[in-house]
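One structure is given here, and the rest of the page talks about it.
The values are calculated or read from the model by the stated rules, or taken from the named source; none is laboratory data. In this text the structure is predicted, and so the values were computed from the model without any measurement. FYI the Cβ positions are ideal-geometry reconstructions off the backbone, even for glycines, and counts take in every protein chain you see. Heads up: the accessible areas ignore ligands, DNA and RNA and are worked out on the full protein's heavy atoms, side chains in. Shrake-Rupley method; radii C 1.70, N 1.55, O 1.52, S 1.80 Å.
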Amino acid sequence: MGDSKRHRILMVSDFFYPNFGGVENHIYLLSQCLLKLGHKVVVMTHAYGNRSGVRYMTGGLKVYYVPWKPFLLQNTLPTFYGTLPIIRTILIREQISLVHGHQAFSTLCHEALMHARTMGYKVVFTDHSLYGFADVGSIHMNKVLQFTLADVSQAICVSHTSKENTVLRSGLPPEKVYVIPNAVDTAMFKPAAERPSGNEIIIVVISRLVYRKGADLLVEVIPEVCRMYPNVRFIVGGDGPKRVRLEEMREKHSLQDRVEMLGAVPHAQVRSVLISGHIFLNSSLTEAFCIAILEAASCGLLTVSTRVGGVPEAYDMIVLAEPDPTDMVQAIKKAISILPMIDPQDMHNRMKKLYDWHDVAKRTEIVYDHALNCSNQSLLERLSRYLTCGAWAGKLFCLVMIIDFILWRLLQLWKPAEDIEVVPDIVLSHDEDRGISQDFQAFNEDNSLR
């Protein structure tokens, strides 16, 4: 790839390794594939414990763990302008051409996109979640999203349902929003050489045990399924505040020998849990696009899932149910009846064809091209967009951006760009025969002794 098409991307989010989750995996795997396409990718996140400063990961992926500690739910404390100096320094040092923020409730993401637009950079935002419109938390979050996306170059959603949700919440023109689904690393998530033998049917659940992920549904579904099928056993991986309810359910119904509670499962060990089962159960109440479903299907498991969000868009071999205990039990009953017809290797091959991170990276590359082709706008032109955000909110947003612009100008006088050292690029070779998730697993093992 020639330098004329080479992008220099800064990925920004509060959610990144060593924390584990869908957003963290998305940023890491997308970054690895963009590196293989010849782009420069740098990640910026907050410090995790004693992990602060600059770290290098597989393939030369450079990560800035800025010295901000998480305030609530892995989010940094909102400062509006406190991150401006360090973000400006990183953008200049790394010669960044485009900033890509991830996740609507990431404070660092919102502040980085705001400062980047003030400095004239093109920005892209990816929304990974669905939000409501009625509760107090969603109303405030939607207003923040409206502020951030009022001046965004392009946006990405992981499903068509997520796109509709984002457009309605933010008022963003639909033509600026692209749909690029998540993917799965099929080199890591592959079926076992032999399917679990015997008459026992194992149903696997891997999820955060919180209300939003439908943990309360599991409390009602599991005892009923165990009553109907003496040969069914459950393996539950994950942790959270609702784990206590599941433990109580297990004690109440004397299911200690049929419901195994694993606790939190590191991502590197997810496959070993999945290949021990036959059916994967997803009970989420809201889901933009569930990566866990793809990982399970890639391992050859038949999936039973609630019909919520972008889940029905994933693929056609999902047994769907309403988020109701009775309907979910019927869906599990149907899945057990069709289980003998499922070929794990065929399921894996379909996932390999449909959901590939390299394809996601190429589609994201097109979004970057569109973003960089957007026309540059003056401060006054940009302020006119914020005024449309509401009678009072619009004026407040304009004031925030004017102050940000003034502080940026003062920073230019205090520390000119010429005084900031530009760092040379470091490119490490990739091992093409390994899966990108396996690369990170090896990185974890190498750093476990430090």
Does anything in the range 215-235 have its amide N under 18 Å from the 7 Å Cα→Cβ label point of Glu248, and if so which residues? 215-224
Mind putting a number on the dipole of the range 56-132 about its Cα centre? Charges go on the C-beta only, +1 for Lys and Arg and -1 for Asp and Glu, and I need it in Debye to the nearest 20. 180 debye
Report the Cα centroid-to-centroid distance between the range 142-174 and the range 289-340 in angstrom, as an integer. 28 Å
For the pair Asp356 and Thr79, the simple spin-label estimate (label points 7 Å beyond Cα toward Cβ) gives in nm 4.3 nm
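Please compute, over every Cα-Cα pair in the range 222-277, the percentage with a separation greater than 16 angstrom.
45 percent
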Please report the relative contact order for the chain, taking Cα pairs under 8 Å with a sequence separation of at least 6, and give it as a percent rounded to a whole number. 17 percent
What does the accessible area per residue of the chain come to in Å², with a 1.4 Å probe and no ligands, DNA or RNA counted? 44 Å²
If you line up the long axis of helix 215-228 against the longest principal axis of the chain, both from Cα atoms, how many degrees apart are they, to the nearest 10? 20 degrees
Stretch Leu399-Met261 to full length: gain in nm at 0.36 nm per residue minus the Cα-Cα span? 44.5 nm
Considering only the other residues whose Cβ falls under 12 Å of the Cβ of Val422, what net charge follows from Lys and Arg at +1 and Asp and Glu at -1? -3
For the range 1-56, state the semi-axes of the equivalent ellipsoid (square roots of 5 times the eigenvalues of the alpha-carbon gyration tensor), sorted largest first and rounded to whole angstrom. 23, 12, 8
Solvent exposure ordering (accessible area, 1.4 Å, most first) of His46, His267: His267, His46
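Work out how much length Leu380 to Lys415 would gain on full extension: take 0.36 nm times their residue separation and subtract the Cα-Cα distance, in nm to one decimal.
Gain on stretching Leu380 to Lys415: 10.1 nm.
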Using just the helices of the chain, give the 222 nm mean residue ellipticity in deg cm²/dmol: DSSP H runs with n ≥ 4 each add -39,500 (n - 2.57), and the total is spread over all residues, rounded to 500. -12500 deg cm²/dmol
Placing one identical point scatterer on every Cα of the range 168-243 and ignoring solvent, what is log10 I(q)/I(0) from the Debye formula at q = 0.25, 0.27, 0.28 Å⁻¹? -1.14, -1.19, -1.21
Inter-label distance for Asp343 and His140, nm, one decimal - labels placed 7 Å from Cα along Cα-to-Cβ: 5.4 nm
If one takes the longest principal axis of the Cα atoms in the chain, at what angle in degrees, from 0 to 90 and to the nearest 10, does the Cα axis of helix 84-93 lie? 90 degrees
Given the whole protein assembly as supplied and a 1.4 Å probe, what does the accessible area of Cys374 come to in Å², nearest 10? 40 Å²
Summarise the accessible area of the range 201-354 (1.4 Å probe, protein heavy atoms) by the percent that is carbon and sulfur. 51 percent
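Mean separation of Cα pairs under 8 Å and 6+ residues apart, divided by the residue count of the range 201-354: what relative contact order is that in percent? Kindly include the intermediate steps, with their values, before the conclusion.
On the way: 267 pairs, mean separation 36.6, N = 154.
Over the range 201-354, the number comes to 24 percent.
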Which of rounded, prolate, oblate describes the range 291-358, given a ≥ b ≥ c as roots of the alpha-carbon gyration tensor eigenvalues and a/c under 1.5 marking rounded, otherwise prolate only if a/b is larger than b/c? oblate
Of Lys36, Lys213, Lys415, which has the most accessible area and how do the rest follow, probe 1.4 Å? Lys415, Lys36, Lys213
Stretched out fully, how many nm does the piece from Ser272 to Tyr56 gain, at 0.36 nm a residue minus the Cα gap? 75.0 nm
Using a 1.4 angstrom probe on the protein heavy atoms only, line up Arg212, Arg250 by accessible area, largest first. Arg212, Arg250
What distance in nm separates the simple spin-label points at Phe71 and Tyr315, each placed 7 Å from Cα in the Cβ direction? 4.2 nm
A correct Kirkwood calculation over the Cα atoms of the range 201-354 returns a hydrodynamic radius in Å of 15.3 Å
Percentage of interatomic Cα-Cα distances in the chain larger than 30 Å: 47 percent
